Every structure is written in structure tokens, then in C-alpha cells.
Amino acid sequence: MPPIDCEDQELLDGFLAETTELLEKLDDDLITLEKSSDDTDLMNRIFRSIHTIKGASSFLGFDLLVKVAHKTEDVLNRLRKGELVVNPEIMDVILEATDLVKLLVGDIKAGDIQERETEGTINKLLPFLLDTAGASQVAAAALQPPAPTPPTAIETPTVTNTPEATSDSAPAPSTAPVPAPKPVSEAAPKKVAPPPKPAEGKGGDDLSDNTTVRVDVKRLDDLMNQVGELVLERNRMIQINQDLQQNDANRADFNEEFGKLTKRMSFVTSELQMQVLKMRMIPVEKVFKKFPRIVRSMSRDLGKEVDLQIVGEETELDRSVVDEIGDPLIHLIRNAMDHGLETPDERLAAGKSRGGTLVLAAVHEGNQIIISIKDDGRGIDTERVGRKAIEKGLITEDQFTAMSQREVFDLLFLPGFSTKEKATDLSGRGVGMDVVKTNIKKLNGLIEIKSAKGLGSEFILRLPLTLAIIQSLLVEVEGEIYSIPLSSVLETIRVDQRQFHQIGGQEVLKLRDIVLPLIRLQKVFNVQQRGESDNFCYVVVVGAAEKRMGLVVTRLVGQQEVAIKSLGNYLANIPGIAGSTILGDGRVALIIDPVAMSEVCE
Amino acid sequence: MQNSLVVVKADDSHDELIQLVSFNLDQEEYGVDVLKVREIIRMPIITRVPNTPHYVEGVINLRGKVVPIICMRKKFGLIESENDKQTRIMVMDMDGELMGFIVDAVSEVIRISGSEIQPSPAVVAGGIDQECIAGVINQAERLLVLLNLEKMFSRDEKNLFTGM
């Protein structure tokens, strides 16, 4: 394929966007189809998708893609007409074909179109077309799988990897079934096709496109309205400023006008902010929908029966979060499938139903989204985890005996930790949980593990809805302003310092029925005392996971919505500091990380 | 002085011309590659960042970006001085990240040819880490220490920043 010239670039972009979207949906639909094979609407939708892909790619001249799509379409057509019945074997092949399509689309997207081996996959499709296929096709298909004709040098002189040759050498779809001129010589002899392998691992992920976004026209219109209002307010502001400079307005008038303007401005900006935030929100379905496919292929590989239930896939959260949770979730699902769930025989022996259940759920809770992965498998064997950790020299025997269940679960997140004797394709290298932890930490999220031996495990992820803007409580510590995320603030109290008690060198405060450990921010942050100290101070009670503590500050400044700014690489890991923000007066204020703060003080 | 530079350049046509921003720090004059300098600003309000090395003065708001500020005098172990009208922050590009350095004064942009750079003598300007000194430029009336700020922080220090 010659390099695409500028004119076609727009067409191509459109094609890629559309195809990617169709393919994303296709996977999910196919899995659903396997379960409910009599759903004709679904069947038709799948058929249409692949048909659209075929049509568009033939228009743009991606012959290889057309070829694969065409054959897939043929098989689907027979399924649709009821000439074939959906079964796992057909599904495997169709999925393999869609993977190949993805791979080819991926190539086009990367601008690096190469000759891929497609015959293997197409050959697998062909048998399903046999029964009523035309005589020539039967002959071709029958002849083909066992002994594919070697490439004839005369017919296809320079095929391998010469981009221009693609269109010439690839047989036109209409005459496709006879693969007499084998385009790729080395791939021909083997029937088991190599391309689907890379496709399974990478193709799917590479395709998910994060550079473009589809926005509801209504939301866009609303946004335009808000911007219009903002422009009006700006004009008003210019007017007021001019009036003041030309002394047309007296001070009192100006004050009043400016006050009004400020209110309107703040109203419009907060509306605008909401709108933009809403636009950034996408349903978590975007991530969830690739899981049925993964679970299906894994359960077939592992010989386990798994029923994946997805709950709350319509829950919306920020794009930035959605982009980050994909990988951790895949690792958690893999773990649940591989380590958690038992094989049917083991399950029956344990008095459970043959098939295991895996529940993937998403739900909003306040300013957070909670995603949980729950299986009814064998649960986490703390004893075994401990043994393994001792074996690997991560902890000592004594340490293990002193550990609580929770601490043992924490061992799972150590890099390099795995209970598997041997690393397999699926798991065992000890990377997965480390990835989970790193990604969730990056998102300011929390992981919680619940597990009961023999009954199953649940991994609960708590994530912030958005990373960009948070509500915060501004506090003053001896003249320095700090910001505490409001989501972790439980209450604030004004107390007399004489009420503080000392327990083993730790200052505490009796707060109703609990004893609250206190952290003096002034001490932790080495703030210099200025002026004489007042006996009264404020205590901000914060909660991090299940811990409670009180941060002692000089004064509360107020509540404000702040945009989080990173401190950059050099200052990224200051203990107790999560980031920074810019205040109304242009100064920088540091954002306190309550979770890290509790660790600092331990 | 410009003329003398041109002459030097004519002598050795293979030499490339380097542009340096020169600045002062405790009587001495230093130079850094002009391409690394993003901007030069006056002292804004600096927010202190706790639990950082002593030479990290804090962070500033540079038009919506939060930029860390390093005090050059403290970093080089020189006597601290009050900020005055001449004090400037040089915002530099350090491996793609912005970082500001407080210097006594920024004087000018000078051109030199590569051949004028001499290796630094064993001991220079007491206390400055040898690592980041790329060389010295010895011209008739001035001595200029050429700094390579990307080598300013040793590996240990970088770890200190990120691993504390």
C-alpha cells in the first residue's frame, strides 16, 4: 500500500475511528452471542459491523483486511441464516478472525502496513462454509488445508514485504477462496496460524484509542451556551473597568457592580467546570467490556467454568481514571481466574457448583467510585502465602507469626512475590499485583482485600472520581497555608491545647469515645513559630483507610475547590505531600496526603 | 569584546559558536548554555516545601505551572545573602522539567567559541561540586565558570528527592 496522501488522510482517520469502535463492540457482542445464540437482533448487529468494516476497507483498498473480513462475514451470514449453529469451535475461529482484523487495523493505524499471514485464519473459516458452497470452493477448501500449494515464483515475483505488491498479489475477495498464489511463503506450510497469538495479547489493547472522544451534541451545545455567557460577563467586566478609569462611576457603584459581576462569573465558571467535567466522564463500561472476552479465553485455556457477572457498568468516571484502571483490573481478573477459582472437579469435591462465579461491580459512593472483583473460589491461603514469603526471604518466621491477616494480604503486593512454582503465560511472575498497587496508588486510590478460605476473595478498589479538581479544606499552620482533601476530612474542632494528653510520647485527644492520635503539622513540616502561641488551636480529624487521626493546625481558612498540580519529578515523593495547588492570590499551597501522613508518623 | 571573539572564531573555523547566559554568584561569574534557559524572572513569593534538602527554597507559580526553586548559593555552599533588586530566578529546562535557580544577578548573553573552553583546574570556587563544572573560560578581563546544570544533582541527590 503506497503511503496515504493528505487528501485521503481525513477519510482514513474516519475509517479508523469507526472501525475501532465497531471492533471494540464486536468482541463483547460475540461473547454475548455465544450465550444467547437465538438473539437475532444481536446476530444482525454483529453481521452489520463486520460488513461495514469490509465495505469501508475495500473502498480504501486494504485488500488483506477485506479478505479476512469477507470470509468472517460469510461464516456469520450462514450463522444468521441458521445454516450453522453457534458453538465454541465456530466462536473460537470467529474471534481469531476478529483478532486478525484488529491486528490489520492496528497496522494501518500505525502507518506500517505489512504483509501478514492471513491464510491460516482464513483456512480455519473455510470449513464452515463447506456444505453448500459452490463446487469450486469445495474443491479449493478440500484441497487446501492439508497441502497448500507452494508459492510459484512466476506468478508472484516479489511479494514478501514489498508494500506495493499487496494490492496486486492479494487475490480479490470475490475469487478469494482459492489461495493458489500464496503471498507469504514461510507461513504457508503450517495450518496453525501464528498471527492470532500476538493479536490476542496486544491487538486489543493497542486498538483502544484515547486520542479522540465522542461527545453528546447536547452537552456540546450546553458548553457553547456557557462560553457565550462567559464572554458576556467578560464584556461587562471591561465596561466596569473603563467606567472606573474614566471616573464615570463612583466607588460605591463600582463596588456594587463588581460584586454582582463576581457572583455571576463564579456561577458561570462553576457551571462551565461541571460541563467540562461531565464531558470527561465516561462509563466504566469502556474498560469492562473487554473482560468477557478475556474471561472466556482464559476459562477455556484453564479448563475452568466461569460465569462472569458485570454490575454497574454504566457508572461514570473521569477519563484519566478509566485509562489507568484497565491494567490493574486485568491483573486482578487473571488472578481470580488462575489462583482463586478452582477447576470443576475441585469445586464439586468441595461441595460447590461446577462453575465458578466472578462478579465485577462498579458503584459510586460519595466522591469515590468503588470497583470490586469478587470470586467464589478457594480464597487466599494465608499459611501458604506466609510460607512462600519466608522461602523468598521477604520476611522471617518470627515476623510471619506476628502478622495479622491483613498484613499477610499485603505481602501479595510485594514485587516478585508469587505463590506459583512456575511462571505460566497467565501468571506467576509476581508482577501483576505490583502493577495493581502502583497504578492504584498513582490514582490516589485504596485497595482492600477480603478473603475467606474456601469461600472466595474480594478485591475492592476505591478510586477518586476525578484527578483534576478536588474539594479541599485550607488550613493555616503558623502563617503557611496547606490544603487537605475534603474527602478525607471527617470533622474539625477547636480545642484548648491543655486538653491534650500524652501516651508514650504521643499526643492524643479524647474525642467523645475514641482516643485520637494527634499530629502537629508544625512539627512534621518544620514550620517556624511566629508570634506567641495561643492555647487554642484547631484539630482537623482525618480518616485514611480505617485509621483516624487529628492534624493540629493554627487556623482554618476555608473550603475551596482546587485544581491539583504536580510538583514535578524532582519533588514528587515528599512524605505527606500529595501535590500542590494555586490559590486565588497566585501563591502555591501544598496539598496534604492524609494516607501518607499516617505512614510518616509511624 | 565581541570583536575579539570574532577574531578567535576566524582563527579556528571548525569551532562552533556557543551562546551562554552569564550570571553572578558571590563575586564570581558563571555561564550556562542559553538553550537551556527558559526565562529569567524576578523573585516571586516562594512557598516553602517541608522535608526537602536545605537548598530547595520551595516552589513558585509560574503562570499556572508549579516550579521548584533551588538556591544556588546554598547548593554551592556559599555564604547566603539577602535578596536584592538584582536577584533573579533563572528558569531552566532540566531533562524536560522546569526548575528555577536563584542567582545574584544575570548579566548578559555572550558568545564564545568551543575552543575557548578550558578544562577546569582542580579546585574551583571552593565547595562547588566538580561534577557540574563543564570548564572555565579565561578571557582577558574575565573568568567565567561554565556550568552543566544537568549534572548539578548527583545520583544520590536525585534519589533523595524522589525516595525520601
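Since every read-out is calculated from the coordinates, none of them should be taken as a lab result. Since this is a predicted model, take the numbers as computed values, not measurements. Here the Cβ is made from the backbone with ideal geometry for all residues, glycine too, and neighbour counts use every protein chain on show.
Could you give the size of the charge dipole of segment A:469-600 about its Cα centre, using +1 on the Cβ of each K and R and -1 on the Cβ of each D and E, expressed in debye and rounded to the nearest 20? Each step should come with its number before you reach the end.
Working: 12 positive and 14 negative charges, 24 e Å.
The calculation lands at about 120 debye.
Filter the GluC sites (Glu not before Pro) in segment A:278-327 down to the DSSP loop ones having no more than 13 other Cβ atoms within 10 Å, then list what survives.
Values: sites: A:285, A:305, A:313, A:314, A:316, A:324; in loops: A:305, A:313, A:314.
Counting only loop positions with at most 13 other Cβ atoms within 10 Å, the GluC sites (Glu not before Pro) in segment A:278-327 are A:314.
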(message) Could you tell me the center-to-center distance, by alpha carbons, between segment A:505-569 and segment B:78-117 in angstrom?
(response) 38 Å
(request) Rounded to the nearest 0.05, what FRET efficiency do residue A:547 and residue A:130 give with R0 = 56 Å and r taken as the Cβ-Cβ distance? Could you check? (result) 0.25
(message) Taking amide H atoms as placed 1.01 Å from N in the peptide plane, list the residues 5 or more away in sequence, or in a different chain, whose amide H sits under 5 Å from that of residue A:507.
(response) A:518
(request) Filter the GluC sites (Glu not before Pro) in segment A:66-117 to those in DSSP coil with at most 13 other Cβ atoms within 10 Å of their Cβ, and list the result. (result) A:83
(message) What distance in nm lies between label points placed 7 Å from Cα along the C-beta direction at residue B:142 and residue B:95?
(response) 3.1 nm
(message) Whole-Hz ³J(HN,Hα) for each residue in segment A:566-575, computed from phi via Karplus 6.51 cos²θ - 1.76 cosθ + 1.60 with θ = phi - 60°, x for glycine and proline: what do you get?
(response) 7, 8, x, 4, 5, 10, 5, 10, 7, x
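Can you pull out the trypsin sites (Lys or Arg not before Pro) in segment A:305-368 whose DSSP state is coil and whose Cβ has at most 16 other Cβ atoms within 10 Å? Display every interim value, and only then the final one.
Values: sites: A:319, A:334, A:347, A:352, A:354; in loops: A:352, A:354.
When the trypsin sites (Lys or Arg not before Pro) of segment A:305-368 are filtered for loop state and at most 16 Cβ neighbours within 10 Å, A:354 remain.
Taking neighbour Cβ counts within 10 Å as the exposure measure, how do B:102, A:582 sort from fewest upward?
Values: B:102 21, A:582 18.
The fewest-first ordering by Cβ neighbours comes to A:582, B:102.
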